[in-house]
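Here is the structure we will look at, set down as structure tokens.
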Amino acid sequence: MRDLRLQVHPEVEETDLVEITSHIAQDNSVAAANVYAAITSMFVELARQPMLGTEIHPLRRTLKGIRMFVVGDYPNYLIYYRPLPEVTGVRILYVLHAARDAATFAKEYRRK
């Protein structure tokens, strides 16, 4: 049964997670699997506690209303998400390496 509190943008699964795990797997496939598991388990936790992450106060409107959460054991990976109406869950919009400029990325790759 699918959890209706958790919505994941298709590009997160088809692009973001594939790029992250492929890059890590070049050196260590076990580490890639561990990072993937940590990120996706955080999706579930965020769905349970939508306000857990930090609210972003962007200079650009591309990230307005979006929250960010650092993946616990892998702080170089950040999950960007929007709480669902009435804080009933979350919609995961991006998973990015911390070195990336999220506002520029979001402007170029708009996800709703």
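Of the DSSP beta bridges with both residues in segment 6-108, give the percent that are antiparallel, rounding to the nearest 5.
Approximately 80 percent, going by the DSSP bridge assignments.
If packing is taken as the average count of other Cβ atoms within 10 Å, what order do 11-17, 96-102 fall into, highest mean first?
Highest mean packing first, the order is 11-17, 96-102.
Of the listed peptides 81-90, 20-29, what is their order by residue-averaged count of other C-beta atoms within 10 Å, with the highest listed first?
81-90, 20-29
Taking R0 as 22 Å, what FRET efficiency do you get between M51 and K112 from their Cβ-Cβ distance, rounded to the nearest 0.05?
0.65
Using a cut-off of 10 Å between beta-carbons, work out the net charge of the residues near H97 (Lys and Arg +1, Asp and Glu -1, H97 not included).
Summing Lys/Arg as +1 and Asp/Glu as -1 gives -1.
Comparing R67, R48, R91, which has the greatest mean-square fluctuation in the GNM of the chain with Cα pairs linked when under 10 Å apart?
R48
Given axes a ≥ b ≥ c from the Cα gyration tensor, I'd like to know whether the chain is rounded (a/c under 1.5), prolate (a/b larger than b/c) or oblate.
Oblate, because a/c is 1.5 or more while a/b does not exceed b/c.
Readers should treat all values here as calculations from the given coordinates under stated rules, not as data from a laboratory. From a predicted model like this one, the values you see are computed outputs, not experimental measurements. FYI the Cβ positions are ideal-geometry reconstructions off the backbone, even for glycines, and counts take in every protein chain you see.
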